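First the structure, in the form of structure tokens, and then the observations on it.
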Amino acid sequence: MSSSSYSSSPCAACKFLRRKCMPDCIFAPYFPPEEPQKFANVHKIFGASNVSKLLNEVPTFQREDAVNSLAYEAEARLKDPVYGCVGAISVLQRQVITLQRELDATNANLFRYAYNEMPPLRPPPPPPPPAAGQSSGFYYPYQWNDPSDEDNERSSGGNM
Amino acid sequence: MTLKGGATSACAACKYQRRKCIPECLLAPYFPADQTKVFQNAHKLFGVSNIVKILRSLDPSQHAEAMRSIKYQANVRDRFPVYGCLGVIRQLYYQIQMLEEEMHTVLTQLEMYRQHHHHQQQQQQHQHQHQISSMADDVISQLELGMAPSNNALPLFNQVTHQPYTMQNTYSSSDIDSPPKDNVENNSLWIQHLFFDTNNHGTSNNDSPIAIQSQLLVPNSEPLADTQHQVVQDYDEIHPFFDSIDDRQSYIDTKDAEDSSSSEESLKETTQLMVGNVGSKDLKSAAACFSLTSVN
């Protein structure tokens, strides 16, 4: 029995799924066998079939970015099963709001100083913590414009 | 007609899967029947089984928050199929970076204003003190004029002292009546006008505050510098006349440091006046001046 002239190593996805890695395997370019954990995470959170459908809907030149973003989200969800990567978004959005407030106050101070020749005021105190009425103090920066979902967002304390 | 009692509509998840929605359905509280699009997005990204798996790994008190984040993540992925939440995170990082840079710029501007204000205050104090001292000197010199022995001496002194007095007036009028503050106020009004105009055009633009700040510095520095330079010039012109009156020797010494042509003419005028108005001793010294001039 002659051995195959050329046999490429199966991709991480086909290795994990224990199937033959075909030449047109959609996962092969983005899940190399050297990174088995990457596919394992993605499969655990999203599932191989969902990832395959998502990649088929995306142009070829953007598939690598899509896979990398899915891998990032999967890893974040494994580390934090409750909030996943949305936790990072919430933290960053609060930081943006705080910085914006500080900048506005500093600009106002600069204007006062330039116009009135008065000594500059101290920077404003940090903003108070979220109101007690909110369920978790979680901030969702991006509002999903689905009207049916607005009530659910409002009731759970989402702030937009 | 019989009424259905106690029948609740199936949740979006069970409706999609075409199965009976049991009361213990985990997804029913989070996917009401009217939120089909939201469920479709979540199902497309995670799948029902994976969502249930996540919920079962968590405490029931955490289910609501977990479902909220899952729905949010799915909706973002639906809107941004390639980058999803990662795109939002990158955008926020960029926004933070821009805000920090802008804050740094504003703080730098503030520090420069602070230093300028402090420097300006110090200069005003110095100018005020000098003004008081020179006004006092002027009063003293006027008193001395009033006690001069001959009327012929008066024109010389009057001629010589009148100019510094005029300059003194100019100096005082430029500083007391119209102090540099007026220039600062005019500049401040211009700054205010610019700031309001930029605000009227739009406050959301991050470039506008930076544009304002870059223009704030320019008009403030030059007019103030011009005023101060004018003051210094006046003071320089006053000083030599005092030297010529008080100390002829010092005048001779200073004469060597000046240009020859202008100094010779002024020397001739001075010596002519001095010959006409002073005694013999003075004549001899004046001749000495003349001889020194000829040597040079």
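Identify, please: which residue in segment A:57-70 is more than 7 Å from every other protein chain (Cβ to nearest Cβ) and within 17 Å of the chain's Cα centre (by Cα) and is, among those, nearest to B:ASN41 (Cα to Cα)?
Per the stated criteria, the residue is A:LEU70.
Could you tell me whether A:ASP24 is without any contact (Cβ under 8 Å) to a residue 12 or more places away in the chain, acidic (Asp, Glu) and assigned to a loop (DSSP other than H, G, I, E, B)?
Here the answer is yes, as A:ASP24 does meet what is asked.
Find all pairs meeting these conditions: Cβ atoms under 8 angstrom apart; at least six residues apart or on different chains; first residue within segment A:65-79 and part of a helix (DSSP H, G or I); second residue open to solvent by 60 Å² or more (accessible area, probe 1.4 Å).
Matching pairs, first to second residue: A:ASP65/B:TYR83; A:ALA66/B:PRO81; A:ALA66/B:TYR83; A:SER69/B:TYR83; A:ALA74/A:LYS44; A:LEU78/A:LYS44.
Looking at segment A:35-56, can you tell me whether even one residue there is more than 10 Å from chain B (Cβ to nearest Cβ), of a type in the set (D, E, K, R) and open to solvent by 90 Å² or more (accessible area, probe 1.4 Å)?
No: segment A:35-56 contains no residue that is more than 10 Å from chain B (Cβ to nearest Cβ), of a type in the set (D, E, K, R) and open to solvent by 90 Å² or more (accessible area, probe 1.4 Å).
Just give me the residues in segment A:57-77 being among the hydroxyl-bearing types (Ser, Thr, Tyr) and surrounded by 15 or more Cβ atoms within 10 Å (Cβ to Cβ), in sequence order.
The answer is A:SER69, A:TYR72.
Could you tell me which numbered condition B:GLY47 fails, if it satisfies all but one of (1) out of contact with any Phe, Trp or Tyr (no Cβ under 9 Å at 6 or more places or on another chain); (2) under 25 Å from A:LYS53 (Cβ atoms)?
(1) is the only condition that B:GLY47 fails.
So if I check each of B:ALA74, B:ALA33, which one is aliphatic (A, V, I, L, M) and farther than 21 Å from A:ASN68 by Cβ?
B:ALA33
Rundown of residues vs (1) farther than 26 Å from B:GLU65 by Cβ; (2) open to solvent by 50 Å² or more (accessible area, probe 1.4 Å); (3) hydrophobic (A, V, I, L, M, F, W, C); (4) modelled with pLDDT of 95 or more, yes/no style:
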| site | (1), (2), (3), (4) |
| --- | --- |
| A:LEU103 | yes, no, yes, yes |
| A:TYR113 | yes, no, no, no |
| A:MET118 | yes, yes, yes, no |
| A:PRO124 | yes, yes, no, no |
| A:ALA132 | no, yes, yes, no |
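Return the residue satisfying two criteria in turn: it lies in segment A:84-101 and is more than 8 Å from chain B (Cβ to nearest Cβ) and polar (S, T, N, Q), and of such residues it is surrounded by the most Cβ atoms within 10 Å (Cβ to Cβ).
A:SER90
Each row is one residue, and each column tells you yes or no for (1) facing chain A (nearest Cβ under 10 Å); (2) among the hydrophobic types (A, V, I, L, M, F, W, C); (3) open to solvent by less than 20 Å² (accessible area, probe 1.4 Å).
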site	(1), (2), (3)
B:ALA12	yes, yes, yes
B:TYR16	no, no, no
B:LYS20	no, no, no
B:PHE31	yes, yes, yes
B:GLN35	yes, no, yes
B:GLN40	no, no, no
B:LYS53	yes, no, no
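Residues checked against (1) within 55 Å of the chain's Cα centre (by Cα); (2) buried (at least 16 other Cβ atoms within 10 Å of the Cβ); (3) closer than 23 Å to B:SER9 by Cβ:
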| site | (1), (2), (3) |
| --- | --- |
| B:ALA28 | no, yes, yes |
| B:HIS63 | yes, yes, yes |
| B:TYR72 | yes, yes, no |
| B:ARG77 | yes, yes, no |
| B:ARG90 | yes, no, no |
| B:ILE96 | yes, yes, no |
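Within segment B:117-137, restricting attention to residues that are buried (at least 16 other Cβ atoms within 10 Å of the Cβ) and within 21 Å of the chain's Cα centre (by Cα), which residue is farthest from the other protein chains (Cβ to nearest Cβ)?
B:GLN120
Of (1) within 23 Å of A:VAL82 (Cβ to Cβ); (2) more than 8 Å from chain A (Cβ to nearest Cβ); (3) in contact (Cβ under 8 Å) with a residue 40 or more places away in the chain, B:LYS71 satisfies all except one. Which?
(2)
Kindly indicate whether A:LEU54 is touching a Pro at 6+ places or on another chain (Cβ under 8 Å) and closer than 20 Å to B:SER69 by Cβ.
Spelling it out, A:LEU54 is indeed touching a Pro at 6+ places or on another chain (Cβ under 8 Å) and closer than 20 Å to B:SER69 by Cβ.
The values are calculated or read from the model by the stated rules, or taken from the named source; none is laboratory data. None of these values were measured; they are calculated from a predicted model. Every residue, glycine as well, gets a Cβ built from its backbone with ideal geometry; the counts of neighbours run over all protein chains shown. Surface areas here come from the heavy atoms of the whole protein model, side chains and all, with no ligands, DNA or RNA. Shrake-Rupley method; radii C 1.70, N 1.55, O 1.52, S 1.80 Å.
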